[in-house]
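Colleague: Pasting a structure below so you can have a look.
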Amino acid sequence: MKKLRARFKLWLSTKDVEGVFGDGKWRLLKSIDAEGSLKAASESLRISYRKAWGDLKKAEDALSIALVEKQRGGNMGGRTTVTSQGKKWVKAYTRFRGDVEKAVEKAYEKHIKELVK
């Protein structure tokens, strides 16, 4: 049998909105920060610009904060930057996800690993 590993999908929801923030939006914000634009970030993640923009809008509306700031194009081209609040979310979610990943690995070691030899 090939080696197994524990994998998971993680997201945060409210009572009214499912998937407010999670791995996808986290990766998107990190990519925007690295690429400098929503268009370049969506291309690097292989998702449509429309989906990327919709995901950000959904998160911003549910959290009541601005995660990104957009500057429209023109001769010099457009730009998207992650706000200070957005950077705080990326940092906090990174730590949160790391803790969850450790807990999942610990549970795997406790319950599953001995079955896969």
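Colleague: Direction-averaged shadow area of the convex hull around the Cα atoms of the range 22-105, nm²? Don't jump to the answer; show the numbers that get you there.
Modeller: Details: hull surface 23.7 nm².
Its average projected convex-hull area is 5.9 nm².
Colleague: Relative to the first principal axis of the alpha-carbon coordinates of the chain, what is the inclination of helix 84-111, with its axis defined by its Cα atoms, in degrees from 0 to 90 and to the nearest 10?
Modeller: Tilt of helix 84-111: around 10 degrees.
Colleague: Report the residue, chosen from K91, K30, K51, that carries the largest GNM mean-square fluctuation when the chain is represented by alpha-carbon nodes joined by springs under 10 Å.
Modeller: So, out of K91, K30, K51, the one fluctuating most is K51.
Colleague: Normalising by the residue count of the chain, find the relative contact order in percent from Cα pairs under 8 Å and 6+ residues apart. List each step's numbers first, then the result.
Modeller: Values: 108 pairs, mean separation 28.6, N = 117.
For the chain, the relative contact order is 24 percent.
Colleague: Let me ask you something else. Going by amide H atoms built from the backbone, whose H comes under 5 Å of the H on G78, apart from near neighbours?
Modeller: Long-range HN contacts for G78: G73.
A short reminder: the numbers here are calculations on the coordinates, not readings from a lab. What you are looking at is a predicted structure, and each value in this text was computed from that prediction instead of being measured.
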